[in-house]
Amino acid sequence: MNWWDLVGWAGSAVLVWSLLQSRVLRLRALNLLGSVVLTGYNAAIGVWPMVGLNLVLAAINVWYLRGMLATRHDEKTYQVVEVGVGDQFLAHTLRVHANDIARFNPGFRWDQDASGRSAFLVVTADEVVGVVLSHAEAHGVAQIDLDYVTPKFRDFTPGEFVYRRSRLFTERGFHRVVSPPRMIAPYYHRLGFRPEGDSYVLDLPATPAGGPA
């Protein structure tokens, strides 16, 4: 086996590996890499139909990657929907993803009957991409109980759309948002939160009476 064969096998392995990814951004990126490698390999050995196929695959992946990266922070693409804490669809979502939630949020418990609770779903079109649950603490603190992203969108940060719209918290009289303690792989440093102990804290802007949030 010469080194060109190794290149071909490596490209094929990356292409197959990409199809095993649950994260859509990672799937597209790896698929693009495999397609580029296989384009070079097939061009080197003169298999032109496969060159054409992989060029088309690469172009498709570039198209989708460009769209995903361009809209990852777009409020027109991702919307925040507030739901009741006892909402049946919310309960269904938490139940379906229970094992994955426990993996990234050890110790998470949701008491829907407790007072001062809020629940938000982050959606794109009709697909749920994230769940943010919180409850009220003393002194105007909103404690986040759960900030969960579904596996398909794990390379994105949909929770940011809840925190970006500070009115969701300031209208309830909150001055500060605190992330879940000991959360696995937190991303809050990218959203303006500051570390404090084993959590992250966001100080909300003051909203003048009658003014916009």
*How would GLU160, GLU171 line up by accessible area, probe 1.4 Å, largest first?*
GLU171, GLU160
_Contact order normalised by length for segment 1-126, with contacts defined as Cα pairs under 8 Å and 6 or more residues apart; what percent is it?_
21
*Specify which labelled value, from [x] 1.05; [y] 1.30; [z] 1.01, agrees with Cα Rg over 2.2 N^0.38 Å derived from the coordinates of the model shown.*
[y]
*Residues of segment 73-158: accessible area per residue with a 1.4 Å probe, Å²*: 49
*Lys/Arg Cβ at +1, Asp/Glu Cβ at -1, dipole of segment 127-173 taken about the Cα centre: which of TYR163, VAL149, SER134 is farthest positive-ward?*
TYR163
_Considering only protein heavy atoms and a probe of 1.4 Å, how much of the accessible area of segment 80-213 is carbon and sulfur, as a whole percent?_
52
*With the other protein chains left in place, how much accessible area per residue, in square angstrom, belongs to segment 1-69 at a 1.4 angstrom probe?*
62
_Relative contact order, percent, the chain [alpha-carbon distance under 8 Å, six or more residues apart]_ = 14
*Starting from the Cα of HIS73, step 7 Å along the direction of its Cβ; do the same at SER22; then give the gap between the two resulting points in nm.*
2.8
*Helical segments meeting 18 Å axial Cα length and Kyte-Doolittle 0.0 threshold in the chain (DSSP H)*: 3-18, 24-45, 48-71
_Restricted to Cα positions, what overall size does segment 106-160 have along the principal axes? Three whole-Å values, descending._
34, 24, 21
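The values are calculated or read from the model by the stated rules, or taken from the named source; none is laboratory data. Everything numeric in this text was worked out from a predicted model, so none of it was measured. We place every Cβ from the backbone using ideal geometry, glycine too, and count neighbours over all the protein chains shown. Surface areas here come from the heavy atoms of the whole protein model, side chains and all, with no ligands, DNA or RNA. Shrake-Rupley method; radii C 1.70, N 1.55, O 1.52, S 1.80 Å.
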